[in-house]
Structure formats: C-alpha cells, structure tokens
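The block underneath contains the structure these notes are about, expressed in structure tokens.
The values are calculated or read from the model by the stated rules, or taken from the named source; none is laboratory data. Every value quoted in this text rests on a predicted model; they were computed, and no experiment measured them. No Cβ is skipped: glycine too gets one built from the backbone with ideal geometry, and neighbour counts run over all protein chains shown. Each accessible area value is taken on the protein alone, full model and side chains, heavy atoms only, with ligands, DNA and RNA left out. Shrake-Rupley method; radii C 1.70, N 1.55, O 1.52, S 1.80 Å.
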Amino acid sequence: MQNTIKTVNLKKLYTTEEVETTALDEINIEIKKGEFVAIMGPSGCGKSTLLNILGLLDNPDEGEYHFLEKEVAKFSERQRSQLRKGNIGFVFQSFNLIDELTCFENVELPLLYLKVPSDERRRRVEEVLTRMNIMHRKDHFPQQLSGGQQQRVAIARAIVAKPSVILADEPTGNLDSANGEEVMRLLEELNNEGTTIVMVTHSPHDANYAHRIINLFDGKVVTENIKEQFHI
Amino acid sequence: MYLNYLKIAIRGFAKHKLTFFINLFGLALGLWAAISIGLWVRSEMNTDKDFAEIESVYQIMEHQRYGAEVFTTTSTPGILANELKEVYPEVERAATYAWIESNLFAFEENHVRLNGFYAGEDYLHIMQYEILHGDRDKTLKDISNMVLTASAAVKLFGKTDVIGETVVMKETDVESSFIVQAVLAPFPKDVSTEFEYILPYQFMFDKPYNSWLKHWGNNGPSTIVKLNKEADWEQFSAQIEDFIQERNEGSHIKMFAYPKTALYLRGKFTDGLQQGGRIEYVKLFSIIGLFVLIIACINFMNLSTAKSQKRAKEVGVRKAVGAEKGALINQFLIESLLLTFFACFFALVLVQLTLPVFNTLTGKSMVVPYGEWNFWLQLVGVLVFTGLVAGSYPAFYLSATKVVSVFRSYNKSGKGVVLARKGLVTFQFILATILIVSTVVVYQQINFALNQNLGYEKDQLLVIQLEGKLQDNYEVFKNRLVQNPKVLSMSRSTHSLLGRNSNTGGVNWEGKDPDFSALFEIMRVDYDFVETLGMTFYKGEDFSPEKGADSVQGAIINKRAYDLITQDNPEAVSFVLHEEERLITGVLNDFHFQSFHQVMEPVIILLEPTFAGNSYIKVGTGDIQETIAFIRGVAEEINPDFPFQYAFMDENYAKMYKEDVKVRELAKYFSILTILISCLGLLGLSAHIAEQKTKEIGIRKVLGASTLSILHVINKEFIAIVALSILVGSGLAYWFMQDWLAGYAFRIEFEWWFIPVAATIILSIAYLTVTLQALKAAQINPATTLKSE
C-alpha cells in the first residue's frame, strides 16, 4: 500500500543562546494511506514538533521526509505551503479559530486560498457544517460557541478542502468527555471514509480509536503498537 | 478574498478600539499636516503663474558690483523699457513699473485711500490680468487713463461697470483727474503682488521732481518684458549684459533677464548667483510635512508590531489552512490602506475646519480644490504612500511569523522586532527633538531681531505720512506739535528706515581706487532727525540752523560709510556726491535700516527735506492715545482733505519680519503637532508593553514591589530611548540651525541651553505619557493577572 508519510532518520534541534535541545532524534516512521495513527508520550517528548514537521509547518534539521511519495525535507516555505494547501487539514487542541470571522467564514478560509468559486464555496461549507451538525450557528463568532461546538467548526474547516491527511493535536484536550467523545467519533468516521489521520494525544482513551500507536520518549520512538497489542 | 480581508480589518478595528483610535488619529493628524502643507506648497509653486503667456515674460534685473560684493536688484533705469524695445526685435512688449504706494482718490464726495502703482503702456499686455470691463489696448495709453480693480471700483463707485468715469487723485501739491479705462477682474488666487489701481507711468515720468528717472545712472522702477515666441531668453539675457555700461560710462552694472515665473520662489541672489529665496521655505515645510507624516506612519508600524502576538495566531491559522506569504502581505497592506483611507476622511474634515486659521497664519486665501482631479490624484498618491509606508513593515513582519508559533502557548516578540520598534521610536523622537530645538532657535532669533539695538530708538516713535497740506505747512505743523510737552521732538525724512529706499554708487573721495565702488543709501532729512530717532554720534555733530550753509552743504554719514571713505585716506574730511563736494559734519554710529538678514550698509544723510514724505515724532511715555488724539486734531485742522494716518515705528519694523514671524508660528504649531503624534504613539506602545508585562508586574507585586518601583520597570525602557533621541536630535538640529542662522547677517549664537530646554519638554511629556499607562498596569490586582497566565 502507498505510504502517505515516511520519515528516515528525522532530526530536529532547538537552539537557544545557551542550550541545544534535541527535540527529535532519528525518527523513522511510516504511515500508510487510510491509517489512523496516534502519537503518544509525556510532555516535552517531541510529539508536537513531530506533528509540525509532518504537517509541513516546519522543516527537520536532518533526515528525510517523504510526503505523498515526495521528498519534502528541504522544501522552502513557499513549496511547503503549496503542498499543504488542500492536502492537509489541521485540528488543534485550542481550536485556533479566527475570532474576527464567523463560523461560516472560518470554514470558508481554506477554500478562499484554493481560489474555489464562491457558489461552490458556499455549497461545500454548508455541506460540512451540516455534517458537523453546526449549521444553525454558522453566523456566530467563535466566542459565542461552546468548546465542543468550536472544535466541530475547526474539524469542519480541516475537512472542507477534502485533504488526504488530517493532523490533530490533542483534539479533545480542551473538551469535556461527552464533547470529546463526539469529536473522536467524527474523526473515526472521516478515517473510515479514507482520510489518513495522525493524532497527538495524551489520552489513552482517544488513542484507542487509532489503528496504531507510536510512543515517543525524549525525542525517540520507543515503541510502535498495532491495535491488537494495545495495553491500555 | 478581499472581502474577507476587509471583514477582518473592520472587525479588528472594532475589537481593538484603543489601538484603532490611536492609529486613526495619529494618521489623521499626520495627513492633516501633510495636506495643509501640501496646499500651501501648491499655492507657493503656482504663485504668479496663472497668467496667459506668462512663460514668455521676463524681469530685467541688475547685478551691481560694490567692492567685493554683488548686489542683485530688480531696480532699473526709468528709460530702459523703451530702449530695449527699440534695440531688440525679440522684445515684443516692454514696460516700466514702479513700487506700490498709497494714494487718496475721490469720486464726488467719496474719498478712498488705495494702493497701486504706475506702469507703462504695455504692462497689461505683459501681465495679462483678466479684464472685467474695458479694452486692454486702451488701458494705459494716455496720461489721463486709469485702471482699477473690481474691489477698488466698488469702494469708489459702489459698482464695477465704471468705464469713462472720472476719478480725482489728491496729492500733496496737486489734484489730478483720471478716466477709468479698465476694471480688472478679481486676481487669480496665487499672486505675489496685490494692488487696487494702475496709473500711466508717463504721468510719474513727467513730474519735474522725477527727472532722475531719465538718467541711465539712476535705478528705481522695475522693467518687465515679453519676448516673442522664437526668442531664446538666455541668449537675450547674455546680449543685454552690458546694456547699461554702454550707455553710462563707468557703470559696473551687469543686466540680465530672469523668468518672471521663477522670480517669486527663486528671486534671491547672493554674489550674483541665484541662491535660496522662498523656495527654501517651500523645501523646509515640505520636509516638515513629510516628517510629521512619517512620524504618524511609525506609530502605526509600532502599534501593529506590538500587537503582533495577538495576530500571530491568525497568521498561523491562515498559513496552516493554505495562505501564502504574498496573500498575507496583501491582507495587512489592505488593512493599513483602509485605515489610511478612514484617517484621510478625518484629515480632510480637520483641514476644512482649520483652513481659516492656517490662511491667517500664512497670509494666503487657500481653498481645498475639491473640483480639481489632480488634487484627488495627488491625495490618492499621498494615501497610497502613507498606507504602504505605514503598512509595509507590519505586513512583512507579521507575514513572516513562523506558523509553528501557533502551537506554542508562550510567544515572545523576537529580539529583532523589539530592536526595530525601539529604533522607530528613537527615530520618531529624533525628528521631534529636531523640530523642538529648531523652534526654540527660530524663536530666539526672531525675538533677537525684534528687540535688537538698532542704533536708533524705535519705541514711542510715531510715523506720519506728510501728504496734502501737511507737506507744505510742515513748519506750522511741527511748531504746533512741539508746544505740547508730550511731543519730545520731531523731524522728517525721505527715508522709511525699513529697507533700501534710494541709493547711489556715485560717491567719490580722494585717493579712491577707481575700480572700487560701493552702494550708499541716501537719506534726505530735516533738522532734529538724529535727535528724534535717538541715534548717537561717533564723532562730529548734528545739522543745525545756526550753522547755515555748513549744514546744508555738509553731510552726516554713518560709521560704515566713514570707514569706506577713510580706507584710502585716513585724513579724509569730505567726499563727492553727484559732482558736489560734501564736508563730513558728523559720523553716526551704525544703525539698521534693513532687516537683520542684511549687513550694515553705508549711509549718507543730507539736509534736504523738501520732498520728505515721512515725519517722525518722538512722544513721551504716559497716555499715548491722548497724544495721538492731539496730533490728529492738529493734522486734520491743517489738512482736512486727507484722512489722518499714523503708525508706530516698532510695529512697522516688526512687519519687516512678517515672513520670519510666519515661519516661527508655523514651526511652533508643527512641532506641537509632532510631539502630540509622537506621544500618541508612545501611549499606544506603552499600553502594549504594560500588557505584555502584566505577569512580571504581578509577580513583582506578590514579592512586595511598590507601585513606584513598578512604574520604573516600564518607564526605564522609554527614558533611555528618549534620552538617546534627544542627544542625536540636538546634534542634527544644531547642524540644521547653523545653516538657517547663516541667512541672517546679525544672528544669535546657538546656545547650549537650547538643548536641555527641548530635552526637558520632551522628557517630561514622554514620561507623563508612559507613566499614565504604567500606573494603570501597576494598580491591577496580581491575583487576576497571575491566574490568567
């Protein structure tokens, strides 16, 4: 099966004036198309750093990164941004909706950058908002919504451009258990429809939705478990 | 997409009201200054250009060499115009015209004093003022013709259609009648000379006492020519160089033609070369306008980058969902352009409201030319410039925000941006310092000039024009006035003491180097002149009736003239003026009869009061109004036909500095504005810094810091910046002002205390501004700030 994501000896360093920290060290992972993978590990183990690199938001310092069979480790910001557009959807712990835009406008944003015509945009935005069961609040601003509702809008925004990969960073971290559950079910549903999902989480319960868990510790992959081997 | 940008911008404005208003008002004030100055510059640049065929019109000017100096003037011989027309076929038209003077005119019982001048027949064909009634060809053809402006016609007749009406001009010795041949339409907006009537030059030329106009050696009126289309003016100018020398042996004068359109802005010559002039003011204020606008733009940059932490999330999200850098730059530029557009609206309202005051200040009658497309074009140009300057740095800075920072909960402005922001504030305060120090210097210099010891006493000195019967009955007038103990002394002179009136290079003395020449100012005076004016003698004594012929044939000169005459022969006791030997009976200490821009010139004072038009009356302190009422009574009794007019010498003197005073006032207002805008920026910036430091302040408070020590945390950053700005700004101001002061022959020294004065002003305003914000931050309960972190 085709690899959506493949890294070879990936390394990332953070340097401040006095200290050099190795955030990621010799990371070798492969994620196949249609997989649902959870990345776990204690705080500061490099989960988010890895997600940023996988999401083409940042470049590794060493190693290779193949995204959709393309070597992208040395891509410029412009190239990364071109590739990201329409291929990757992001879901964040703190939702990261733009406060000045309504729900509809937030979801519409990726389509604007893809230069989708306005009728088509409206149709697709309404379609995902309906699917996320948040259509009735489309003209509200993010602050007027509950956390669960905000995250549903954020997921709507992540999938409106029909990306092949969704990267989720602690998607339930700011939600209560009922809302968290709903978000996880939505992600599972999307995965069932063929979208590759990579999710960083602290929560063993959420990780349970994944096919595979990659455990990080001090910037290294320590174990990889497939679902049958989960010991949660 | 653009709609999305607009939405974000407008909702952002609504959300961050303080920042929005600071930006809006800062930019509006900057644009207001820029538009006001722009209107003024436009008016200056257009002055005297709004006439048909004005580009073929040239002023005939002279370089007169006296000693090592070249004195450039528009004064020419009174017979030059006709001769030029005869000799050079390219001279299509030529006219002599004289200086503006004030005369009394009457139509039936209506007496009106009008300002105007004498001009040759071709004058209105050269300066093509629009004619409301009458025929341009007839205007000044006959000695009895007259031209009035519409407003003068209304003053005299109550209407403008007055062709063929007769007006009587009342002069001291004679009444003359003129027939109105043309009425001029109101002048174009930007003209340098305003007048109410024109009379034929021939009338002036024919007067017996004006016979001096017929000689090539005398200069007085001005000459203006219009060249035909084919003519090359520079070639013509070169041809006429020796025109006067060929007609007046021994003359050192070099003549040249100068474009009339350039005369207003570039009419100042130093050592025979065009240098400075009003164009300097135009440049100065253009720079000030640009400074103020840039300062306003810097505010915008600073506040936008200070706000960047808040915007970083938006930028990150946009990038994550696919925005490229270019799209983000566009977004931020559109935001700043939008704000500039709003600010421009306020600026135009401000311009409209303040234009009357600005007009008074500048002595102009400017209007906002809403109907002219090129005004809008220029305005849009300024807006785009402002929007781009203000928006560019934030746009590039913000769009470069690393998208990864979205995922970090704690994000601090990078070192680079903090440094840049400090740099911008420093730059801003350097400009503010330059403006303030310069204003202090300009103030000192103008006040110095106004209060300087002139070599005569201008206080309590009344000046009365001797006209009508006052001139013939001067002795009666004087005798009656001096009986009043409040009238201390009285004399008269041909000279106004307010600039050059009459001068000659025809002064010789024993042992004089034939190649040396100097321009001597001639003052024809009556007895008691020196006493009335309070001048002091270096040696010798005043004219007096007891000395009879000695006084009449002698001369009093000033020290400067004495030094010239005795340079070759220290024993010299006389000199020759117009072939007559004059014994030096007295030498006065130097006194000023020109503005402080000029050096002391040599003066010859002769006892020849016949045509003296100015009487000087020294009055005692105390109730001056009562004394004036007494003088008025006597004057009106002797001279009932002419309305009584008087002026104070010190006020007349101050008028010589009208332009300088205008500059002083304008500089003052613009430096206040600069401080205001800079402080607006500082206010906004300190609000942000206070916000960023809430956690630090909270921790310090928990640990027991006093309010005062917390104030210090915020203040210290700014004080260092402002102090550095003052240092650099003062240095630059010193450099600029040395240059400006060089334009004054008599000037103040740049005093060291100007700098601490400016520094104190700026520091205290800056300190107050920042403290206001810091105090607010220091008073927040730490429990709330620490929890929110």
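Overview of values
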{"item": "Residue match in the range A:34-52 (condition: on the phi > 0 side of the Ramachandran plot, within 14 Å of another protein chain (Cβ to nearest Cβ) and either touching a residue at least 12 places away in the same chain (Cβ under 8 Å) or of a type in the set (Asp, Glu) (or both))", "result": "yes"}
{"item": "Total residues in the range B:428-458, condition open to solvent by 40 Å² or more (accessible area, probe 1.4 Å) and more than 21 Å from B:Met600 (Cβ to Cβ)", "result": "2"}
{"item": "Within the range A:1-56, strands (runs of 3 or more DSSP E) holding 3 or more residues that are open to solvent by 30 Å² or more (accessible area, probe 1.4 Å)", "result": "A:3-15, A:20-27"}
{"item": "Residue, surrounded by the fewest Cβ atoms within 10 Å (Cβ to Cβ), within the range B:147-181, restricted to residues that are small (Gly, Ala, Ser) and touching a residue at least 40 places away in the same chain (Cβ under 8 Å)", "result": "B:Ser151"}
{"item": "Qualifying residue in the range B:595-602 (condition: open to solvent by less than 50 Å² (accessible area, probe 1.4 Å), under 30 Å from B:Asp271 (Cα atoms) and at pLDDT 85 or above)", "result": "yes"}
{"item": "Candidates B:Glu230, B:Glu234 - the one that is assigned to a loop (DSSP other than H, G, I, E, B) and modelled with pLDDT of 85 or more", "result": "B:Glu230"}
{"item": "Tally, over the range B:194-209, of residues that are modelled with pLDDT of 85 or more and either part of a strand (DSSP E or B) or open to solvent by 60 Å² or more (accessible area, probe 1.4 Å) (or both)", "result": "8"}
{"item": "Test for B:Gly272: is it more than 18 Å from B:Leu80 (Cα to Cα) and crowded, with 17+ Cβ neighbours inside 10 Å", "result": "no"}
{"item": "Filtered residue count, the range B:467-488, keeping only those that are in contact (Cβ under 8 Å) with a residue 12 or more places away in the chain and either open to solvent by 10 Å² or more (accessible area, probe 1.4 Å) or under 28 Å from the mean Cα position of the chain (by Cα) (or both)", "result": "12"}
{"item": "The listed residue being within 14 Å of chain A (Cβ to nearest Cβ), assigned to a helix (DSSP H, G or I) and of a type in the set (Val, Ile, Thr), out of B:Val315, B:Val351, B:Val357", "result": "B:Val315"}
{"item": "Filter pass, B:Lys260 being under 30 Å from B:Val41 (Cα atoms) and more than 14 Å from chain A (Cβ to nearest Cβ)", "result": "yes"}
{"item": "Top-ranked residue of the range A:165-179 - restricted to ones that are within 14 Å of chain B (Cβ to nearest Cβ) and open to solvent by less than 30 Å² (accessible area, probe 1.4 Å), ranked as farthest from A:Arg122 (Cα to Cα)", "result": "A:Glu170"}
{"item": "Subset of the range A:180-194 [touching a residue at least 60 places away in the same chain (Cβ under 8 Å) and surrounded by fewer than 21 Cβ atoms within 10 Å (Cβ to Cβ)]", "result": "A:Glu188, A:Asn191, A:Gly194"}
{"item": "Residues that are open to solvent by 50 Å² or more (accessible area, probe 1.4 Å) and away from chain A (no Cβ under 11 Å), drawn from the range B:7-25", "result": "B:Lys17, B:Leu18, B:Phe21, B:Phe25"}
{"item": "Any chance A:Ile197 is away from every other protein chain (no Cβ under 14 Å) and outside any helix (DSSP H, G or I)", "result": "yes"}
{"item": "Lone qualifier among B:Thr305, B:Thr354, B:Thr340 - being modelled with pLDDT of 85 or more and either buried (at least 24 other Cβ atoms within 10 Å of the Cβ) or more than 23 Å from the chain's Cα centre (by Cα) (or both)", "result": "B:Thr340"}
{"item": "Some residue of the range B:676-697 being closer than 14 Å to B:Ile430 by Cβ, small (Gly, Ala, Ser) and in contact (Cβ under 8 Å) with a residue 40 or more places away in the chain", "result": "yes"}
{"item": "The range B:632-661, residues that are within 14 Å of the chain's Cα centre (by Cα) and surrounded by 17 or more Cβ atoms within 10 Å (Cβ to Cβ)", "result": "B:Met656, B:Tyr657, B:Asp660, B:Val661"}
{"item": "So B:Phe107, is it under 30 Å from B:Gln352 (Cα atoms) and either of a type outside the set (Asp, Glu) or open to solvent by 10 Å² or more (accessible area, probe 1.4 Å) (or both)", "result": "no"}
{"item": "The lone exception for A:Ala210 - which of (1) under 15 Å from the mean Cα position of the chain (by Cα); (2) within 14 Å of chain B (Cβ to nearest Cβ); (3) outside any helix (DSSP H, G or I) it fails", "result": "(2)"}
{"item": "Hits in the range A:81-107 (condition: touching a helix residue (DSSP H, G or I) at 6+ places or on another chain (Cβ under 7 Å), facing another protein chain (nearest Cβ under 9 Å) and either under 19 Å from A:Leu190 (Cα atoms) or among the small types (Gly, Ala, Ser) (or both))", "result": "A:Ser81, A:Lys85, A:Gly89, A:Phe90, A:Phe92"}
{"item": "Residue match in the range A:47-68 (condition: at pLDDT below 85 and more than 18 Å from the chain's Cα centre (by Cα))", "result": "no"}
{"item": "Any hit, the range B:516-530, residues being modelled with pLDDT under 90 and either open to solvent by 50 Å² or more (accessible area, probe 1.4 Å) or within 17 Å of B:Phe648 (Cβ to Cβ) (or both)", "result": "no"}
{"item": "B:Leu132 farther than 22 Å from B:Thr223 by Cα and part of a helix (DSSP H, G or I)", "result": "no"}
{"item": "From the options B:Thr536, B:Thr585, B:Thr566, residue that is surrounded by 21 or more Cβ atoms within 10 Å (Cβ to Cβ) and more than 30 Å from B:Thr74 (Cα to Cα)", "result": "B:Thr585"}
{"item": "Residues satisfying the stated conditions in the range B:539-572, i.e. under 35 Å from the mean Cα position of the chain (by Cα) and among the hydroxyl-bearing types (Ser, Thr, Tyr)", "result": "B:Tyr562"}
{"item": "Qualifying residue in the range A:119-128 (condition: of a type in the set (D, E, K, R), under 20 Å from the mean Cα position of the chain (by Cα) and within 14 Å of another protein chain (Cβ to nearest Cβ))", "result": "no"}
{"item": "Scope the range A:14-33; condition within 14 Å of another protein chain (Cβ to nearest Cβ) and either touching a residue at least 40 places away in the same chain (Cβ under 8 Å) or under 20 Å from A:Ala168 (Cβ atoms) (or both); matching residues", "result": "A:Ala23, A:Leu24"}
